[in-house]
1. Quick check: at a probe of 1.4 Å, how many percent of the accessible area of the chain sits on carbon and sulfur atoms?
2. Nearest 20 debye, what's the magnitude of the dipole of the chain about its Cα centre given +1 on Lys and Arg Cβ and -1 on Asp and Glu Cβ?
3. Got a sec? Charge dipole of segment 95-230, +1 on Cβ for Lys and Arg, -1 for Asp and Glu; which of Y109, I95, A134 is way out at the positive end?
4. Checking the a/c ratio against 1.5 first, then a/b against b/c, what shape does the Cα gyration tensor give for segment 133-184?
5. Which of the chymotrypsin sites (Phe, Trp or Tyr not before Pro) across segment 9-54 are loop residues per DSSP, with 16 or fewer other Cβ within 10 Å?
6. Lysines near K137 by alpha-carbon distance under 24 Å, same-chain residues fewer than 8 away left out - which ones?
7. For A198, project a label point 7 Å along Cα to C-beta. Then give me every residue of segment 162-185 with its amide nitrogen under 20 Å of that point.
8. Computed over the Cα atoms, what is the radius of gyration of segment 125-230 divided by 2.2 N^0.38 Å, N being its residue count?
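The values are calculated or read from the model by the stated rules, or taken from the named source; none is laboratory data. All values derive from a computational prediction rather than experimental measurement. All Cβ positions, glycine included, derive from the backbone under ideal geometry; neighbour counts span all protein chains shown. To get the accessible areas, we keep the full protein, side chains included, count just its heavy atoms, and leave off ligands, DNA and RNA. Shrake-Rupley method; radii C 1.70, N 1.55, O 1.52, S 1.80 Å.
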Amino acid sequence: MSAIQLNVIKPSVNNMTARVFLRAANLDFSENDVYGQTRTPEYLARAPSHLTPMIETADLPKGALWESCAIMQYLCNKHGLDDFYPREPAARAMIDSAMFYLIGTFYPYLARATYPALNFPLYAGEVGCSDADAATKEIARQAAVAALAEPLEVFRTFYIGDKPFIGGAKPSIADIRLAATLEFLAAIDYALPDWAKAYMANIERALGPAYAEPAADVRGYISYVKSQRQ
């Protein structure tokens, strides 16, 4: 039996993050697709948040852990994966900052912009899941699309700069999180700037098969949803 069980819903970029990382880190794990199962009593008993990705391992205080960034940080700390998450405080601070900035600023815009196109439910309080009419919802979505450019540019100027990756010469856990997130922009045919296209190509070359399989699942779902709209 594998030391780690990874519970996922494959079309999700949050899940893609953990799937890529565990493959790239070459850790012993098994993968369990829990689509349609996260509200069952069995799943909720292990993860009352009903969230994915979620890992299960006997080493954790509660036996389970969700949130993609927390999963990567924990596994890097446990297994000494310094190439992905350096111990040097300043380098680690930049990686942490990039992930928190993505989660707190960039991803909420991305969710508002792409979730309606992907048939994903939006968060409580969002215009997209309110009783507002379709035109109002679309105005809100377009505003989110317009807002994406500013935080995306912050990644270029502040976190990446003249390096190939946030992590420097090699992809870090922050790079895995960012690259997976950018995959969703294909759902709305968002025009990535040239630097972001080059960045994504560098990620795919650096991570190879570890990136390819999870990315194929996300891209396949996006292609399917697009075909249904035609």
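1. 55
2. My answer is approximately 100 debye.
3. I95
4. Working: a/c = 5.61, a/b = 2.47, b/c = 2.27.
It comes out prolate by the Cα gyration axes.
5. Sites meeting the loop and neighbour criteria: Y35.
6. In chain and number order, the partners are K226.
7. Counting only backbone N, you get 162-172, 175-176, 178-180, 182-183.
8. Segment 125-230 yields a ratio of 1.23.
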